[in-house]
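Input: a single structure, listed below in structure tokens.
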Amino acid sequence: MSAEVLVISLLTPLIVTFILPAFRPKAATWISAVSFLIPMVVTLGLLLTTKESIVVPVMDLPSPVGEFYLLADPISNAFGFTICLVSAMVALYSLPYMKHRFEEMLHDGEIKSIEWEFRKYWFLYNLYAVAMLWLVYAGNFILLYIFLEISLLASFLLIYMYGYGNRQWVAVLYFVWTHIAGVLALLGILIIGFENGTAAFNAVKAVGFTAWLLIFLGMLVKLPGLGPHIWLPWAHAEAPTPVSALLSPLTVGLAGYVLLRVYMIDSSFIEQYRDIIIAYAIISSIYAGFSVFKQKDYKRLLAYSTVSQMGYVLIALCLGSYGLLGVVIQYISHAFGKSILFMTAGAIIASFHGLRDINKMSGMHEYIPTIANAALLGFMTLSGILTIGMFGEFYILAGLTKIYGFNLAVILAVVFVFILSGLYSFYTMKVIYYGKPAGYERPKFSRLLDAPLYVVAFFSVAFIFPPLATALLSGLKVALGIGGVMP
């Protein structure tokens, strides 16, 4: 597949972003979804047919910026496919959900026209998703940072305008914390640029301690890890659900992508502080995992699950090339599982007049069986049960034994983190979807609130079978140098 086809496919959703406001809501929905399905098909084709990297020069800038180019290797394609699939399905889901949200806002006198708000929404939604897509194909740290900030600005505006509760305060909280993450990363990137004379991936020779530390701390805020995590439950709970279904599944995990790219150039920082980072990641995952059990708001519950799952990414980052393979697969797994789950939360909100309190949700399977079954598939993905998450956990354990041997304490701690995901997953299923029905009437709702969830779930299962599994794993192994090239 040629570089021209890739570039055209990546340009498609970008161009569509600027013409979407000209269309009515239903047409805009389908145009947005198709604009992401096109690069999804192209990236899937690249995953299936080539292990080679495609480099597309864009422009050459003076030091310390260096060359801007697009890099499409199996890592970028795996991330790109995931972003496109989730963005397309959430776009379809957005039509009935945001119609419900705009009707609420119209009733409360917060907006004057549903159609006008849809025009703004679709521009910001596509801009948000496109920025994440182009970020994973950026071959220069400065270019990567630009797309990181565009995604931040678009998501901030979506929360500020269309969120719930004290949405302006929550949006500012989100913006401040994630902007801190971006500034720390930018300082690190500038140091890389000045020390190497360039910020292009293919020309950076080394990443010094200060640059590594700043980027690592910035991405720790963005993941987020324990401590900086305080912004995330607020942002996820009060964001409009389609934004939550991009923010948790796709955006936070891109911090892992940034760290992976830095690691592939210079792994010295991670190797030197491996034990501290793994200990922190395990504590972070366990704390957030147990915090899930205390949440009464479905979306806040899912937010704490995200913090716990991002601990997987930090653990995997410290475990050599097998661990890096785990980082990529964990990103895919978490994106698939969490996008499904946030969409189930939104379907309940839209179908039961804003219902979010899990204490009032007993036996929801009785009323919304298709949503309940999708939630089960989502939690199976997070837990690594007969889904792509299974490979993520396997490679994390493989990397663990390669680095630490059969150190029983470390292995048991990580295995406990995996088990905890399963425990809170099935606790949530029991509390919300099973048990004695809560006494609601069975609602009628748009198929766009449940069908997209099953498309994501299909790929979550399909990636454990050939040809998808073999193509993905073999391509990532080549890109990550598994077989003796990398430590």
Rounded to one decimal in nm, the spacing of the 7 Å Cα→Cβ label points at T49 and I230 is 5.1 nm
About its Cα centre, region 2-479 carries a charge dipole, from +1 on Lys and Arg Cβ atoms and -1 on Asp and Glu Cβ atoms, whose size in debye to the nearest 20 is 980 debye
Enter the accessible area per residue of region 288-374 (Å², integer; probe 1.4 Å; all protein chains in place).
-> 19 Å²
Given Cβ charges of +1 for Lys and Arg and -1 for Asp and Glu, the option among L476, V86, S421 whose Cα lies farthest towards the positive end of the dipole of the chain is S421
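Treating only the Cβ atoms of Lys and Arg (+1) and Asp and Glu (-1) as charged, compute the dipole magnitude of region 13-131 about its Cα centre; round to the nearest 20 debye.
Working: 8 positive and 10 negative charges, 74 e Å.
For region 13-131, the charge dipole is close to 360 debye.
In this model, which of K360/K444; K112/K338; K222/K360; K26/K296; K294/K444 are farther than 29 Å apart at the alpha-carbon?
Values: K360/K444 19 Å; K112/K338 33 Å; K222/K360 32 Å; K26/K296 34 Å; K294/K444 31 Å.
Too far apart for the 29 Å limit: K112/K338; K222/K360; K26/K296; K294/K444.
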Cα centroid of region 366-411 to Cα centroid of region 48-122, whole Å = 27 Å
Provide the gained length on full extension for the span D108 to Q272, in nm with one decimal, where the gain is 0.36 nm per separating residue minus the Cα-Cα distance.
-> 53.5 nm
When we measure straight from the Cα of K120, which aspartates and glutamates land under 20 angstrom away, once same-chain ones fewer than 8 places off are left out?
-> E103, E104, D108, E110, E149, E238
What's the extension gain from F416 to L14 if we count 0.36 nm per residue and subtract their Cα-Cα distance?
-> 140.5 nm
Which value in nm describes the separation of the simple spin-label points at V58 and K402, placed 7 Å from the Cα toward the beta carbon?
-> 3.1 nm
For region 2-479, what % of the accessible area comes from carbon and sulfur atoms, probe 1.4 Å?
-> 69 percent
The chain, helix-only ellipticity at 222 nm - DSSP H runs n ≥ 4, -39,500 (n - 2.57), divided by all residues, nearest 500 = -24500 deg cm²/dmol
Using a cut-off of 13 Å between beta-carbons, work out the net charge of the residues near L247 (Lys and Arg +1, Asp and Glu -1, L247 not included).
-> +2
Along the dipole axis of the chain (charges at Cβ: +1 for Lys and Arg, -1 for Asp and Glu; origin at the Cα centre), the most positive-end residue among L37, P437, A398 is P437
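The values are calculated or read from the model by the stated rules, or taken from the named source; none is laboratory data. Values in this document were obtained by computation on a predicted structure and should not be read as measured data. For neighbour counting, all protein chains shown are included, and Cβ atoms are generated from backbone atoms with ideal geometry for every residue, glycine included. Remember, those area values only see protein heavy atoms, side chains included, never the ligands or the DNA or RNA. Shrake-Rupley method; radii C 1.70, N 1.55, O 1.52, S 1.80 Å.
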